[in-house]
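This report refers to the structure that appears directly beneath it.
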Amino acid sequence: VIHYIEQNGYMDSAAELQKPPFDKPVSFVRLFDGKTRTLILEAINRVLRITANHKTTNEIKTALFEDEEEKTLFDAIVQAPQITFENMGDIKFFVNPLHNFFDKVLVMAEDEDIKNNRLNLLGILANRFNSICDFSKIVSR
């Protein structure tokens, strides 16, 4: 099985199977149907890519929100339960707010304060996602 996983590109190293989420009985891949899983992974990986070089602070200035989608995403972050291995299925709570945010909001705004506020908003989510597992290792097929 391990050889099959490595040979078919499901992950670079079988050692990843000893890390979250694979060390827990809940499998991310089994939680969602293919379409939902793809949407979730697209949203999460987009958040992780855009925040990769940003030093996130937990300070969000709601007065700097220019778009309704920023407020909606902020509300989702505040209202959502902390995502853990046990309730990983709740991660779907962020899919629509994230897709709407990326469709309507220019994260890299010219105004540095607005840009950093948006990156902090996404960075909070990135930190939550990274606390669960390395989503870049999950392949949606």
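Annotations
- Area accessible to solvent at residue 84, 1.4 Å probe radius, in Å²: 60 Å²
- Accessible-area order (highest first, 1.4 angstrom probe) of the listed residues 74, 102: 74, 102
- Heavy atoms of residue 69: accessible area, 1.4 Å probe, square angstrom to 10: 50 Å²
The values are calculated or read from the model by the stated rules, or taken from the named source; none is laboratory data. Because the structure is a prediction, the values reported are computed rather than measured. Accessible surface is based on the protein model in full, side chains and every heavy atom, while ligands, DNA and RNA are left aside. Shrake-Rupley method; radii C 1.70, N 1.55, O 1.52, S 1.80 Å.
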